[in-house]
Amino acid sequence: MSNISSLKTDSEDGKPRHSKGQTSRATILLTAAKLATIKGLNGLSLGTLAAEVGMSKSGLYAHFKDKQELELATIETAALIFESEVLQPAMQAQEGTERLKVVVNAFLSHLERKVFPGGCFFAAVAAELDTRPGPARDRVVEVLDKWMSLLKQCILDARVLSEIDPNADVAQTVFEIEAMLLAANFLFVMRDDPIHLNQARRGIENVLARLSI
(Lines give C-alpha, C1' and ligand atoms only; values in the text may rest on other atoms or scores of the structure.)
Protein backbone atom coordinates (compact mmCIF):
# COMPACT_ATOMS: atom_id res chain seq x y z
CA MET A 1 0.00 0.00 0.00
CA SER A 2 1.81 3.10 -1.21
CA ASN A 3 1.60 6.55 0.33
CA ILE A 4 3.03 8.24 -2.78
CA SER A 5 -0.32 9.67 -3.78
CA SER A 6 -0.69 11.32 -0.38
CA LEU A 7 2.48 13.40 -0.75
CA LYS A 8 2.52 17.05 -1.71
CA THR A 9 5.49 19.18 -2.71
CA ASP A 10 6.61 22.12 -0.63
CA SER A 11 6.92 25.07 -3.04
CA GLU A 12 9.88 26.53 -1.13
CA ASP A 13 12.30 23.62 -0.88
CA GLY A 14 10.88 21.22 -3.43
CA LYS A 15 10.71 18.38 -0.89
CA PRO A 16 7.62 16.18 -0.71
CA ARG A 17 5.44 16.55 2.33
CA HIS A 18 2.27 14.92 3.61
CA SER A 19 -1.01 16.77 3.54
CA LYS A 20 -2.33 17.66 6.99
CA GLY A 21 -5.01 14.98 6.77
CA GLN A 22 -2.60 12.27 5.69
CA THR A 23 -0.07 13.23 8.33
CA SER A 24 -2.77 12.94 10.98
CA ARG A 25 -3.80 9.54 9.65
CA ALA A 26 -0.19 8.34 9.58
CA THR A 27 0.32 9.48 13.17
CA ILE A 28 -2.88 7.79 14.28
CA LEU A 29 -1.96 4.50 12.61
CA LEU A 30 1.58 4.46 13.95
CA THR A 31 0.21 5.03 17.44
CA ALA A 32 -2.42 2.33 16.86
CA ALA A 33 0.19 -0.20 15.70
CA LYS A 34 2.30 0.40 18.80
CA LEU A 35 -0.69 0.25 21.13
CA ALA A 36 -1.94 -2.96 19.53
CA THR A 37 1.20 -4.78 20.71
CA ILE A 38 0.31 -3.82 24.29
CA LYS A 39 -3.49 -3.69 24.40
CA GLY A 40 -4.29 -5.97 21.47
CA LEU A 41 -6.41 -5.08 18.47
CA ASN A 42 -9.52 -5.83 20.47
CA GLY A 43 -8.47 -3.30 23.09
CA LEU A 44 -7.80 -0.68 20.45
CA SER A 45 -11.04 1.28 20.75
CA LEU A 46 -11.61 4.52 18.89
CA GLY A 47 -12.01 6.26 22.24
CA THR A 48 -8.71 4.96 23.61
CA LEU A 49 -6.86 5.83 20.44
CA ALA A 50 -8.40 9.32 20.26
CA ALA A 51 -7.22 10.03 23.79
CA GLU A 52 -3.73 8.70 23.03
CA VAL A 53 -3.21 10.95 20.00
CA GLY A 54 -5.01 13.94 21.52
CA MET A 55 -7.96 14.01 19.17
CA SER A 56 -11.68 14.02 19.69
CA LYS A 57 -13.48 10.76 19.02
CA SER A 58 -15.48 12.49 16.30
CA GLY A 59 -12.20 13.63 14.72
CA LEU A 60 -11.05 10.02 14.61
CA TYR A 61 -14.27 8.99 12.90
CA ALA A 62 -13.28 11.29 10.05
CA HIS A 63 -10.43 8.85 9.33
CA PHE A 64 -12.06 5.49 10.08
CA LYS A 65 -15.71 4.63 9.71
CA ASP A 66 -15.61 1.70 12.13
CA LYS A 67 -13.43 -0.59 14.25
CA GLN A 68 -12.80 -3.07 11.43
CA GLU A 69 -11.44 -0.38 9.14
CA LEU A 70 -9.15 0.83 11.94
CA GLU A 71 -7.89 -2.72 12.58
CA LEU A 72 -7.14 -3.38 8.91
CA ALA A 73 -5.41 -0.02 8.46
CA THR A 74 -3.36 -0.68 11.59
CA ILE A 75 -2.28 -4.08 10.27
CA GLU A 76 -1.28 -2.53 6.94
CA THR A 77 0.82 0.09 8.74
CA ALA A 78 2.54 -2.61 10.79
CA ALA A 79 3.16 -4.62 7.61
CA LEU A 80 4.88 -1.64 5.98
CA ILE A 81 7.07 -1.13 9.04
CA PHE A 82 7.95 -4.84 9.17
CA GLU A 83 8.78 -4.76 5.48
CA SER A 84 11.12 -1.82 5.97
CA GLU A 85 12.72 -3.00 9.22
CA VAL A 86 13.08 -6.73 8.57
CA LEU A 87 12.28 -7.90 5.04
CA GLN A 88 14.00 -5.28 2.89
CA PRO A 89 17.43 -5.66 4.54
CA ALA A 90 17.27 -9.39 3.79
CA MET A 91 16.66 -8.72 0.10
CA GLN A 92 20.00 -6.91 -0.11
CA ALA A 93 21.89 -9.97 1.15
CA GLN A 94 23.23 -12.91 -0.81
CA GLU A 95 20.83 -15.83 -1.11
CA GLY A 96 21.08 -18.80 1.22
CA THR A 97 22.53 -18.80 4.72
CA GLU A 98 23.78 -15.21 4.40
CA ARG A 99 20.25 -13.95 3.72
CA LEU A 100 18.90 -16.05 6.55
CA LYS A 101 21.40 -14.57 8.99
CA VAL A 102 20.56 -11.05 7.84
CA VAL A 103 16.81 -11.54 8.24
CA VAL A 104 17.29 -13.15 11.67
CA ASN A 105 19.47 -10.27 12.84
CA ALA A 106 17.06 -7.71 11.38
CA PHE A 107 14.14 -9.34 13.21
CA LEU A 108 15.99 -9.46 16.52
CA SER A 109 17.27 -5.92 16.04
CA HIS A 110 13.76 -4.54 15.56
CA LEU A 111 12.82 -6.24 18.84
CA GLU A 112 15.84 -4.85 20.69
CA ARG A 113 15.21 -1.31 19.39
CA LYS A 114 11.57 -1.65 20.46
CA VAL A 115 10.14 -0.56 17.15
CA PHE A 116 6.91 -1.85 18.71
CA PRO A 117 6.80 -1.65 22.52
CA GLY A 118 5.12 -5.04 22.82
CA GLY A 119 7.57 -6.90 20.61
CA CYS A 120 6.79 -8.26 17.17
CA PHE A 121 3.45 -6.83 16.05
CA PHE A 122 2.46 -9.94 14.15
CA ALA A 123 3.38 -12.33 16.94
CA ALA A 124 1.21 -10.27 19.28
CA VAL A 125 -1.86 -9.99 17.09
CA ALA A 126 -1.63 -13.54 15.72
CA ALA A 127 -2.07 -14.88 19.25
CA GLU A 128 -5.13 -12.67 19.61
CA LEU A 129 -6.70 -13.37 16.22
CA ASP A 130 -6.04 -17.10 15.86
CA THR A 131 -9.63 -17.93 16.87
CA ARG A 132 -11.23 -14.81 15.35
CA PRO A 133 -12.09 -15.48 11.68
CA GLY A 134 -12.41 -12.39 9.53
CA PRO A 135 -10.54 -9.91 7.33
CA ALA A 136 -8.07 -8.91 10.06
CA ARG A 137 -7.06 -12.51 10.74
CA ASP A 138 -6.83 -13.22 7.00
CA ARG A 139 -4.45 -10.30 6.46
CA VAL A 140 -2.23 -11.32 9.38
CA VAL A 141 -2.08 -14.86 8.00
CA GLU A 142 -0.93 -13.44 4.64
CA VAL A 143 1.91 -11.54 6.31
CA LEU A 144 2.95 -14.58 8.35
CA ASP A 145 2.83 -16.80 5.27
CA LYS A 146 5.14 -14.37 3.46
CA TRP A 147 7.51 -14.43 6.44
CA MET A 148 7.58 -18.21 6.63
CA SER A 149 8.05 -18.44 2.87
CA LEU A 150 11.12 -16.21 3.14
CA LEU A 151 12.66 -18.44 5.80
CA LYS A 152 11.86 -21.51 3.71
CA GLN A 153 13.38 -20.00 0.59
CA CYS A 154 16.58 -19.17 2.46
CA ILE A 155 16.96 -22.84 3.45
CA LEU A 156 16.09 -24.08 -0.05
CA ASP A 157 18.67 -21.71 -1.55
CA ALA A 158 21.25 -22.84 1.00
CA ARG A 159 20.71 -26.44 -0.15
CA VAL A 160 21.10 -25.48 -3.81
CA LEU A 161 24.28 -23.54 -2.99
CA SER A 162 25.64 -26.59 -1.10
CA GLU A 163 25.87 -24.56 2.10
CA ILE A 164 23.90 -27.17 4.02
CA ASP A 165 23.10 -30.86 3.71
CA PRO A 166 21.04 -31.45 0.53
CA ASN A 167 18.90 -33.87 2.55
CA ALA A 168 18.11 -31.31 5.24
CA ASP A 169 14.47 -31.31 6.33
CA VAL A 170 13.42 -27.82 5.21
CA ALA A 171 10.08 -27.74 7.06
CA GLN A 172 11.66 -28.88 10.32
CA THR A 173 14.50 -26.39 10.00
CA VAL A 174 12.11 -23.49 9.39
CA PHE A 175 10.01 -24.61 12.36
CA GLU A 176 13.04 -24.64 14.67
CA ILE A 177 14.20 -21.21 13.52
CA GLU A 178 10.75 -19.68 13.89
CA ALA A 179 10.31 -21.28 17.31
CA MET A 180 13.54 -19.71 18.54
CA LEU A 181 12.61 -16.28 17.18
CA LEU A 182 9.18 -16.44 18.82
CA ALA A 183 10.72 -17.55 22.12
CA ALA A 184 13.20 -14.69 21.94
CA ASN A 185 10.36 -12.26 21.26
CA PHE A 186 8.27 -13.49 24.18
CA LEU A 187 11.12 -13.63 26.70
CA PHE A 188 12.58 -10.26 25.67
CA VAL A 189 9.21 -8.55 26.05
CA MET A 190 8.61 -10.24 29.41
CA ARG A 191 12.08 -9.69 30.90
CA ASP A 192 13.54 -6.84 28.85
CA ASP A 193 16.84 -8.73 28.77
CA PRO A 194 18.76 -8.90 25.45
CA ILE A 195 20.36 -12.18 26.53
CA HIS A 196 17.32 -13.91 25.04
CA LEU A 197 17.96 -12.29 21.66
CA ASN A 198 21.55 -13.53 21.76
CA GLN A 199 20.34 -17.00 22.72
CA ALA A 200 18.17 -17.06 19.60
CA ARG A 201 21.12 -16.00 17.44
CA ARG A 202 23.30 -18.76 18.90
CA GLY A 203 20.52 -21.31 18.58
CA ILE A 204 20.02 -20.56 14.91
CA GLU A 205 23.77 -20.64 14.33
CA ASN A 206 23.76 -24.09 15.95
CA VAL A 207 21.00 -25.26 13.60
CA LEU A 208 22.99 -24.12 10.57
CA ALA A 209 26.19 -25.66 11.94
CA ARG A 210 24.38 -28.97 12.40
CA LEU A 211 23.23 -28.87 8.78
CA SER A 212 26.47 -27.64 7.24
CA ILE A 213 28.31 -29.98 4.89
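The values are calculated or read from the model by the stated rules, or taken from the named source; none is laboratory data. Only a predicted model underlies this, so the values are computations on that prediction, with no experimental measurement involved. Heads up, the Cβs are rebuilt from the backbone with ideal geometry, glycines too, and the neighbour counts pull from every protein chain shown. These accessible areas exclude ligands, DNA and RNA; they are computed on the full protein's heavy atoms, side chains included. Shrake-Rupley method; radii C 1.70, N 1.55, O 1.52, S 1.80 Å.
Tell me whether the stretch 164-174 contains one or more residues that are open to solvent by less than 70 Å² (accessible area, probe 1.4 Å) and in contact with a Ser or Thr (Cβ under 9 Å, 6 or more places away or on another chain). Yes, the stretch 164-174 has at least one match. Filtering the stretch 135-159 to residues that are closer than 19 Å to ALA184 by Cα and open to solvent by 40 Å² or more (accessible area, probe 1.4 Å) leaves LEU144, MET148. Restricted to the stretch 18-85, the set of helices (runs of 4 or more DSSP H) holding at least 3 residues that are touching a Pro at 6+ places or on another chain (Cβ under 9 Å) comprises 20-39, 67-82.
Among the residues that make up the stretch 122-139, is at least one of them within 17 Å of ARG201 (Cα to Cα), within 15 Å of the chain's Cα centre (by Cα) and of a type outside the set (Val, Ile, Thr)? For the stretch 122-139, residues within 17 Å of ARG201 (Cα to Cα), within 15 Å of the chain's Cα centre (by Cα) and of a type outside the set (Val, Ile, Thr): absent. Among residues of the stretch 23-40 that are more than 11 Å from HIS63 (Cα to Cα) and open to solvent by 60 Å² or more (accessible area, probe 1.4 Å), those with a beta-carbon under 8 Å from a residue that is part of a helix (DSSP H, G or I) and of a type outside the set (A, V, I, L, M, F, W, C) at least six positions away or on a different chain give the pairs LEU30/THR77; LYS39/THR48. In this structure, does ILE204 turn out to be modelled with pLDDT of 95 or more, open to solvent by less than 40 Å² (accessible area, probe 1.4 Å), over 19 Å from ASN105 (Cα atoms) and more than 19 Å from the chain's Cα centre (by Cα)? Criteria not met by ILE204. Residue pairs whose Cβ atoms lie under 7 Å apart, sitting 6 or more positions apart in sequence or on different chains, and linking a residue in the stretch 65-90 that is of a type in the set (A, V, I, L, M) to a partner that is assigned to a loop (DSSP other than H, G, I, E, B) and buried (at least 17 other Cβ atoms within 10 Å of the Cβ), are LEU70/LEU44; LEU70/PHE64; ALA73/PHE64; ILE81/VAL115. The number of residues in the stretch 125-165 being touching a residue at least 24 places away in the same chain (Cβ under 8 Å), touching a helix residue (DSSP H, G or I) at 6+ places or on another chain (Cβ under 6 Å) and closer than 29 Å to LEU211 by Cβ comes to 8. Between ARG113, ARG132, the distinction of being open to solvent by 50 Å² or more (accessible area, probe 1.4 Å), under 22 Å from GLU83 (Cα atoms) and among the charged types (D, E, K, R) belongs to ARG113 only. Somewhere in the stretch 124-147, is a residue under 20 Å from GLU95 (Cβ atoms) and hydrophobic (A, V, I, L, M, F, W, C)? Looking through the stretch 124-147, at least one residue is under 20 Å from GLU95 (Cβ atoms) and hydrophobic (A, V, I, L, M, F, W, C). For the stretch 86-96, the candidate set comprises residues that are in a helix (DSSP H, G or I) and surrounded by 20 or more Cβ atoms within 10 Å (Cβ to Cβ); within that set, the residue that is modelled with the highest pLDDT is VAL86. Any residue at all in the stretch 164-177 that is assigned to a helix (DSSP H, G or I), at negative phi and in contact with a strand residue (DSSP E or B) (Cβ under 7 Å, 6 or more places away or on another chain)? No, there is no match, as no residue in the stretch 164-177 is assigned to a helix (DSSP H, G or I), at negative phi and in contact with a strand residue (DSSP E or B) (Cβ under 7 Å, 6 or more places away or on another chain).
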